[in-house]
Amino acid sequence: MTAPLMQRIDRALCEFPEFSKHTITVGLNRSDDLHGSADSRNMTIRLNPRLRDGVAYATIGHELTHLLQKPGGLGIVPYGEEQCDIWTIARSDLFLDDVPFYLCSDLWKKKTWPSHANAVRSLCMEAIRVRQTNRRYKMWLEESIKEYLEGIEP
């Protein structure tokens, strides 16, 4: 765990006021194919600092968002990987520094993601509002993202 990584974790935690009264344990994940993992029952995340590009804020935010999900977490974010991406992206533009892992993952490339990140964030924030009256909000979001992309293609 390097000092720069700890600074990134501390900065990311500032975006999660829900954890102010909780202790979050951060460990290392040395799996070659995992960026991170979370254990919401124990309020633990594990990050993989050995990745070539380092640990992105997006990864830290995604794993912290898992701690907000049921079962075991605080239960304020719906369960699931796509839901985790949606709530992470909507939470802060800090978490836009890398492509989402699960949300429309077939549509993003690392190189092109930055040009779409803010628009997708706005759509994720709207999807959370849509969810209040429409439980098919994920389908709404996926359709909205595809419409957005169709509208900007040459």
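The values are calculated or read from the model by the stated rules, or taken from the named source; none is laboratory data. Only a predicted model underlies this, so the values are computations on that prediction, with no experimental measurement involved. Positions of Cβ are generated from backbone atoms using ideal geometry, with glycine treated the same way; all protein chains shown enter the neighbour counts. For the accessible areas, the whole protein counts, side chains as well, though only heavy atoms, and no ligand, DNA or RNA atoms are used. Shrake-Rupley method; radii C 1.70, N 1.55, O 1.52, S 1.80 Å.
I'd like the residue in the range 129-152 that is in contact with a Phe, Trp or Tyr (Cβ under 9 Å, 6 or more places away or on another chain) and part of a helix (DSSP H, G or I) and, out of all such residues, is least open to solvent (accessible area, probe 1.4 Å). The qualifying residue least open to solvent (accessible area, probe 1.4 Å) is 130.
The sole residue among 30, 52 that is farther than 28 Å from residue 132 by Cβ and free of Cβ contacts under 8 Å to residues at least 12 places away in the same chain is 52. Taking interchain pairs and intrachain pairs at least six residues apart, which have beta carbon atoms under 9 angstrom, with the first residue in the range 98-126 and over 16 Å from residue 150 (Cα atoms) and free of Cβ contacts under 8 Å to residues at least 40 places away in the same chain and the second hydroxyl-bearing (Ser, Thr, Tyr) and not in a helix (DSSP H, G or I)? Close Cβ pairs (under 9 Å, with a partner that is hydroxyl-bearing (Ser, Thr, Tyr) and not in a helix (DSSP H, G or I)) amount to 121/92.
If I go through the range 33-49 residue by residue, how many of them are without any contact (Cβ under 8 Å) to a residue 60 or more places away in the chain and either part of a loop (DSSP other than H, G, I, E, B) or exposed (fewer than 13 other Cβ atoms within 10 Å of the Cβ) (or both)? Quick ask: steps written out before the conclusion?
Of all residues in the range 33-49, those without any contact (Cβ under 8 Å) to a residue 60 or more places away in the chain come to 33-34, 36-49.
Still in the list and also either part of a loop (DSSP other than H, G, I, E, B) or exposed (fewer than 13 other Cβ atoms within 10 Å of the Cβ) (or both): 33-34, 41-43, 48-49.
Going through the range 33-49 one residue at a time, the tally reaches 7.
Looking across the range 1-32 at every residue that is modelled with pLDDT of 90 or more and of a type in the set (A, V, I, L, M), the one that is surrounded by the fewest Cβ atoms within 10 Å (Cβ to Cβ) is identified as 6.
Residues in the range 107-128 that are open to solvent by less than 70 Å² (accessible area, probe 1.4 Å) and within 18 Å of residue 59 (Cβ to Cβ): 108, 113, 117, 120, 121, 124. Among the residues of the range 115-125, is there at least one that is of a type in the set (Ser, Thr, Tyr) and more than 24 Å from residue 18 (Cα to Cα)? Within the range 115-125, one or more residues are of a type in the set (Ser, Thr, Tyr) and more than 24 Å from residue 18 (Cα to Cα).
Scanning the range 58-106 for residues that are at negative phi and open to solvent by less than 40 Å² (accessible area, probe 1.4 Å) yields a count of 31. Can we say residue 60 is of a type in the set (Val, Ile, Thr) and either over 23 Å from residue 20 (Cα atoms) or within 11 Å of the chain's Cα centre (by Cα) (or both)? So residue 60 passes the test.
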